[in-house]
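The values are calculated or read from the model by the stated rules, or taken from the named source; none is laboratory data. Model, not experiment: these values are computed from the prediction. Because the Cβ atoms are built from the backbone with ideal geometry, glycine has one as well, and the counts that use them run over all protein chains shown. Note: areas computed on protein heavy atoms with side chains; ligands, DNA, RNA excluded. Shrake-Rupley method; radii C 1.70, N 1.55, O 1.52, S 1.80 Å.
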Amino acid sequence: QVQLVESGGGLVQTGGSLRLPCPASGRLSSRNAMGWYRQAPGKLRDLVARIDSGGSTNYADSVKGRFTIPRDNAKNTVDLQMNSLKPEDTAVYFCNTWPAVYAWGQGTQVTVSS
């Protein structure tokens, strides 16, 4: 049974960086595309970045050039590296396969202050 647990969020100033780990991706990423999603208050959950098992990545336009999905080769996990954060990046962030097939974790809150 796969349990998705996200961490690494917090309060950061505009322009700051955060890295969000997804430990469960170590069991999943070799056979599944993995995605990072976010849900802002009052909005639907959206995909912001994904990586397939071959390493090809795709990013939402709103995060291109700022977010990446680095792969930890030792753990085979796929984290979300967020740079140049903006207030509009404030949301709860989740990892899951892409498309999402597992139960959602609680996510991790990222708050970017202006």
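Structure summary
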{"item": "Alpha carbon convex hull of the range 25-114, volume per residue in cubic angstrom", "result": "100"}
{"item": "Portion, in percent, of the accessible area of the chain that falls on carbon or sulfur, probe 1.4 Å", "result": "47"}
{"item": "Label point distance in nm, Ser114-Val5, each placed 7 Å from Cα along Cα→Cβ", "result": "3.6"}
{"item": "Calculated [θ] (222 nm, deg cm²/dmol) that DSSP helices of n ≥ 4 give over the chain, each run adding -39,500 (n - 2.57)", "result": "-500 deg cm²/dmol"}
{"item": "Unit charges at the beta carbon, dipole of the chain: most positive-side option, Gly55, Leu11, Val112", "result": "Gly55"}
{"item": "Percentage relative contact order, the chain, counting C-alpha pairs under 8 Å, at least six apart", "result": "38"}
{"item": "³J(HN,Hα), Karplus 6.51/-1.76/1.60, whole Hz, each residue of the range 45-54, x for Gly, Pro", "result": "6, 10, 7, 10, 7, 8, 9, 8, 5, x"}
{"item": "FRET E, pair Leu44, Lys75, Förster distance 35 Å, beta-carbon r, rounded to 0.05", "result": "0.70"}
{"item": "The range 33-77, dipole about Cα centre (Lys/Arg Cβ +1, Asp/Glu Cβ -1), debye to the nearest 20", "result": "120"}
{"item": "Other-chain or far-sequence residues with amide H under 5 Å of Trp98's (modelled H)", "result": "Ala33, Met34, Gly35"}
